[in-house]
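> Here it is, the structure, as structure tokens.
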């Protein structure tokens, strides 16, 4: 408790205390096999961990509750897609080109490092340990830390050179930074001609199925699809234990909605919730997260829309019911420079643990980006329809390139010019139309050619026409809550952990205060002393617990009752049934240590 | 029903009827999104499938029941290990060297085929369609079919040449067969120096953790560990739809047991079960599977031991409770040539579907093979201990090579000879001892050198000594039930499917008779007609079903009641609640079509 107080308190030696606390938790977790470094007998592989029996049970409880809380309660369409993914899908999504981290190599040994980590470590160390640096220098280093994610490879490389940063292990010089793609690459089939990757997220499997899922939902919006599954990131040099790993379980929701109506029918059910929110404005002005009523945040426009708000509320309920401490949970809005250009708004559920504030759930309004990208790449229209009760007259922009004239003017490049003309947005097209009408020609940028060309007024006809339409066809927006299950579980371990003195007061005993929902084992059964009559009562109780579907464990070792309680507390088992007669048993609750006596029959029930 | 009767009946045109039946089932499954070819908008990838919403729900129900039936009821230690696996682990297990299929390439186009599939297709077609072949030739082709799995690359290549088999698509000549490793290869970390694979099974993750799991279990045997997860096989040319895929979910159990005591405490609970067994003897003599009492099969020694028998019984209960037809389920013993050399016994749960008898669960006694392989490769002893109540005097074989003499005789090969001598089993050592004593020297095979050498009596001392020991140290045997979840689910789809005439008798309607345990949705709720009062009753019932955790779907489309029943039957929903008043509702059961009327409140409960 002292340690925990120190963690939240943030006293002078906070970092040290935090590490001590983490050491105690991690030690307990590894000793009791909540998790195990994978392939340990072969000295392991960085960034890969196994869940041992209690960890695996916690994980499966968390996932079962996720399914209940999101999929079942909201009637989501759950799907299950493969991890192996052909290149074209991840080319469309942008991962092949952009899912990279900047890497530097030790020029002599070839050891690889993340460039931004080295620069970050350097700045932090300088700021913390070098008392001689000027205020100006300190400001410069702080600025670097704040803008680290925005630095170009060249800028990063220049800073590394400027500060003389070398390889941490050898002090050798480092290469220039270059992008390393974080996907595990493989090859599908025996020919070697079909490159594939292990998916870096589960979302793409949902997007490519949009058309079928929309049909399955009766061609109606809004609806949500969901997926739980493994995802893979070939981290350059994983650190932070269970928080940054190379393979992890994601649970993702893609909620498809009409971009013109992002209300949510059930928003009122979460509108009254109050919790810590950390909007952009507060971050920019150096303030802290503030207790906010969700309904207000949406009505004020701090949160972009009610659907996004609804999911923020549901995520809050999910995490706190698992046992995450609400005082160490905040919803932080992405700054403008953090968000993808297409995103409408994005909030991370961040949980505070000994590593600081950790992003555990991302809740983003990704607008129509993903569906549009796959529509373009696959040629299959991933769109929704709104049928009008009566036909409506709408004004539509019509662009008709004159292929003959364009062919004469641009020869082999004709196709690129035609496609660029047809792809114009309304505003651009109207500008071009005006220019052609006034001047007879205009400059026009053809991205695919990498340059501008001159378009004459006989090359394209741009007009606005009135058309009667029976329906509106549009690309839905998608609101995506994405859960890093392993990170949530690790934070849950830290938030659930405390120590208390043994009865004799001579040692500190470890306890996980998991709620029964999450606890790996719900109940331990043990005979007070090793005696056949007691053991058979224990077996009897065990059988009725099995029938009732209550996970439990019998402990028939000859240890003292105190030792056995301590062992069961350390696994976070909420209840212990001690058999101390053939008629009655004692049930003890973990945190209060309260005991009640009930008959054997009741004990089993 | 007619179609199904034809499938089991095996009439003359069985193959044709089977295909028609399969066509109807698969069509229904794809149309209702039980599954979807993955990445369909990009024209898919052979051997990769998604589970759509109802398929995903069936899968998650099957896995939840698996966990209940095996992990919880037997107190197994469940673990969860990564799919990405470093090479050394799969080198130890033998997969890097031996997990291959023989492949041939179209010499002009490079298209790859499985060599055995081409030969098999050729033989089958000849036997079925060429009426001119002699009895002798027919016998030859049948022999090939029977021994297909045992053919060496050379023998396979010779047969392909002899029969003039060419590439099926182009009729081009084929390359010689060569082994293709079926694991998806990748590289771990950015250096490119640590090769890895996507695991081909989940079992290795358990074996490498044996030491920790044994400790977790209080250093006691027997105990079982279990794992559910994805596995990957880069098939050369996947066929058979959902049955042979490149990524699939396995659920595996590794039950560790003292090789000297393979009894099982709970065997009596399954001993009275009777089902179809197909022992080696019956297969060799051309008989069929026979109804057998499990207890008898174990006591007669047909099944090697009671633990193996216990799992066979538990697998039988699991599959039939899911809805697998017990008359189309058999346990087939591996023939001697099918089993790995180290296996003590092996039985496959085979389920009959339109593709024939399909292996869905393998239940193998793998002896100590896996733990020994990892002990040797990692240098970490994966062993168990039996503490004796009192020290025991045991006779032990002691082999002491005389390194000096061996060095003089074998120079650089000395180490290989020494290791071979030390690795001798008891019988071999005693034979060598006798030979040396009688003749003064003996031939001795050194595998690592690939030849025999002459060992003289001064080169090694072999003796039996009496030693007092406090414990026995041994490598446990492992009994491994391994479940192909996707295959079980596909067979379940076929076994659950039937058609029945519509009320008007003008069309056949599809029904899946899933038990409630498996059904993707337990209940549909629909207002008889579109009317706000009925809809709000439907919403009321929906809310109480949500609270009760019953998965359900509201259907408020304006279709006729008959159409909506048909749609719900086709998803295998066992119950439908029709709201036809504000006071009472009608509950209808899927298969009997029985209806009962209850009050709204009861309907929700």
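> Got a number for residues in the range A:506-530 being assigned to a loop (DSSP other than H, G, I, E, B) and either surrounded by 19 or more Cβ atoms within 10 Å (Cβ to Cβ) or out of contact with any strand residue (DSSP E or B) (no Cβ under 9 Å at 6 or more places or on another chain) (or both)?
So the answer is 11.
> Now, a different point. Under the condition of being crowded, with 24+ Cβ neighbours inside 10 Å and more than 8 Å from chain B (Cβ to nearest Cβ), which residue from the range A:34-46 is farthest from residue A:569 (Cα to Cα)?
A:35
> So for the range B:200-220 (the condition being touching a helix residue (DSSP H, G or I) at 6+ places or on another chain (Cβ under 9 Å) and free of Cβ contacts under 8 Å to residues at least 24 places away in the same chain), does at least one residue qualify?
Yes, there is a match, as at least one residue in the range B:200-220 is touching a helix residue (DSSP H, G or I) at 6+ places or on another chain (Cβ under 9 Å) and free of Cβ contacts under 8 Å to residues at least 24 places away in the same chain.
> Name every residue in the range A:530-549 that is out of contact with any helix residue (DSSP H, G or I) (no Cβ under 9 Å at 6 or more places or on another chain) and either closer than 26 Å to residue A:489 by Cα or without any contact (Cβ under 8 Å) to a residue 12 or more places away in the chain (or both), in order of residue number.
Of everything in the range A:530-549, those that are out of contact with any helix residue (DSSP H, G or I) (no Cβ under 9 Å at 6 or more places or on another chain) and either closer than 26 Å to residue A:489 by Cα or without any contact (Cβ under 8 Å) to a residue 12 or more places away in the chain (or both) turn out to be A:531, A:532, A:536.
> Further question: Could you say which residue among B:448, B:442, B:389, B:409 is closer than 30 Å to residue B:86 by Cβ and not in a loop (DSSP other than H, G, I, E, B)?
Answer to the check: B:448.
> Search the range B:314-328 for residues that are more than 19 Å from residue B:58 (Cβ to Cβ) and pair each with any residue that is in a helix (DSSP H, G or I) when their beta-carbon atoms are under 6 Å apart and the residues are at least 6 apart or on different chains.
B:326/B:320
> Which one of the conditions (1) within 14 Å of chain A (Cβ to nearest Cβ); (2) modelled with pLDDT of 95 or more does residue B:25 fail to meet, given that it meets all the rest?
Checking residue B:25 against (1) within 14 Å of chain A (Cβ to nearest Cβ); (2) modelled with pLDDT of 95 or more, the one that fails is (1).
> Being under 24 Å from residue A:336 (Cβ atoms), in contact with a helix residue (DSSP H, G or I) (Cβ under 9 Å, 6 or more places away or on another chain) and either assigned to a loop (DSSP other than H, G, I, E, B) or within 14 Å of chain B (Cβ to nearest Cβ) (or both) is the requirement here; does residue A:168 meet it?
Against the criterion (under 24 Å from residue A:336 (Cβ atoms), in contact with a helix residue (DSSP H, G or I) (Cβ under 9 Å, 6 or more places away or on another chain) and either assigned to a loop (DSSP other than H, G, I, E, B) or within 14 Å of chain B (Cβ to nearest Cβ) (or both)), residue A:168 does not qualify.
> Looking at the structure I just gave you, is residue A:578 buried (at least 16 other Cβ atoms within 10 Å of the Cβ), without any contact (Cβ under 8 Å) to a residue 40 or more places away in the chain and farther than 27 Å from residue A:59 by Cβ? Working first, answer last.
Values: buried (at least 16 other Cβ atoms within 10 Å of the Cβ): yes; without any contact (Cβ under 8 Å) to a residue 40 or more places away in the chain: no; farther than 27 Å from residue A:59 by Cβ: yes.
Against the criterion (buried (at least 16 other Cβ atoms within 10 Å of the Cβ), without any contact (Cβ under 8 Å) to a residue 40 or more places away in the chain and farther than 27 Å from residue A:59 by Cβ), residue A:578 does not qualify.
> Residues in the range A:182-192 that are surrounded by fewer than 15 Cβ atoms within 10 Å (Cβ to Cβ) and assigned to a strand (DSSP E or B): how many?
Count: 0.
> Return the residues of the range A:183-194 that are under 26 Å from the mean Cα position of the chain (by Cα) and more than 9 Å from chain B (Cβ to nearest Cβ); say none if nothing qualifies.
Answer for the range A:183-194, where residues must be under 26 Å from the mean Cα position of the chain (by Cα) and more than 9 Å from chain B (Cβ to nearest Cβ): just A:183.
> Could you figure out which of (1) within 30 Å of residue A:81 (Cα to Cα); (2) part of a strand (DSSP E or B); (3) in contact with a helix residue (DSSP H, G or I) (Cβ under 8 Å, 6 or more places away or on another chain) isn't true of residue A:103?
Just one mismatch for residue A:103, condition (1).
> Quick check on this structure: which one of B:387, B:451, B:372 is more than 38 Å from the chain's Cα centre (by Cα) and more than 30 Å from residue B:19 (Cα to Cα)?
B:451
> Here is a check on your reading of the model: is residue A:435 within 11 Å of residue A:462 (Cβ to Cβ), free of Cβ contacts under 8 Å to residues at least 24 places away in the same chain and crowded, with 16+ Cβ neighbours inside 10 Å? Spell out how you get there, then give the answer.
On the way: within 11 Å of residue A:462 (Cβ to Cβ): yes; free of Cβ contacts under 8 Å to residues at least 24 places away in the same chain: yes; crowded, with 16+ Cβ neighbours inside 10 Å: yes.
Yes.
> Would you pick out the residues in the range A:57-98 that are free of Cβ contacts under 8 Å to residues at least 60 places away in the same chain, within 9 Å of chain B (Cβ to nearest Cβ) and not in a loop (DSSP other than H, G, I, E, B)?
Of everything in the range A:57-98, those that are free of Cβ contacts under 8 Å to residues at least 60 places away in the same chain, within 9 Å of chain B (Cβ to nearest Cβ) and not in a loop (DSSP other than H, G, I, E, B) turn out to be A:60, A:64, A:68, A:72.
> Looking only at the range A:121-165, how many residues end up being surrounded by fewer than 13 Cβ atoms within 10 Å (Cβ to Cβ), over 29 Å from the mean Cα position of the chain (by Cα) and not in a helix (DSSP H, G or I)?
Residues that pass the stated criteria total 5.
> So which residues in the range A:316-362 are surrounded by 20 or more Cβ atoms within 10 Å (Cβ to Cβ) and part of a helix (DSSP H, G or I), if there are any at all?
Hits for the range A:316-362 are A:316, A:318, A:319, A:322.
> Do you know which residues across the range A:454-468 are touching a residue at least 40 places away in the same chain (Cβ under 8 Å) and either out of contact with any strand residue (DSSP E or B) (no Cβ under 6 Å at 6 or more places or on another chain) or not in a strand (DSSP E or B) (or both)?
Filtering the range A:454-468 down to residues touching a residue at least 40 places away in the same chain (Cβ under 8 Å) leaves A:456, A:458-468.
Residues satisfying the conditions are A:458, A:459.
> Quick test of your reading of the structure: residue B:370 fulfils all but one of (1) outside any strand (DSSP E or B); (2) over 30 Å from residue B:346 (Cβ atoms); (3) at pLDDT 90 or above. Name the failing condition by number.
(2)
> Right, next: For the range A:103-115, what are the residues that are crowded, with 21+ Cβ neighbours inside 10 Å and away from chain B (no Cβ under 11 Å)?
The one that is crowded, with 21+ Cβ neighbours inside 10 Å and away from chain B (no Cβ under 11 Å): A:115.
> Scan the range B:118-146 for residues that are farther than 15 Å from residue B:159 by Cα and in contact with a helix residue (DSSP H, G or I) (Cβ under 7 Å, 6 or more places away or on another chain) and report the count.
2
The values are calculated or read from the model by the stated rules, or taken from the named source; none is laboratory data. Bear in mind the structure is a predicted one, so any value in this text is a computation, not a measurement. As a convention, Cβ positions derive from the backbone with ideal geometry for all residues, glycine included, and neighbour counts pool all protein chains shown.
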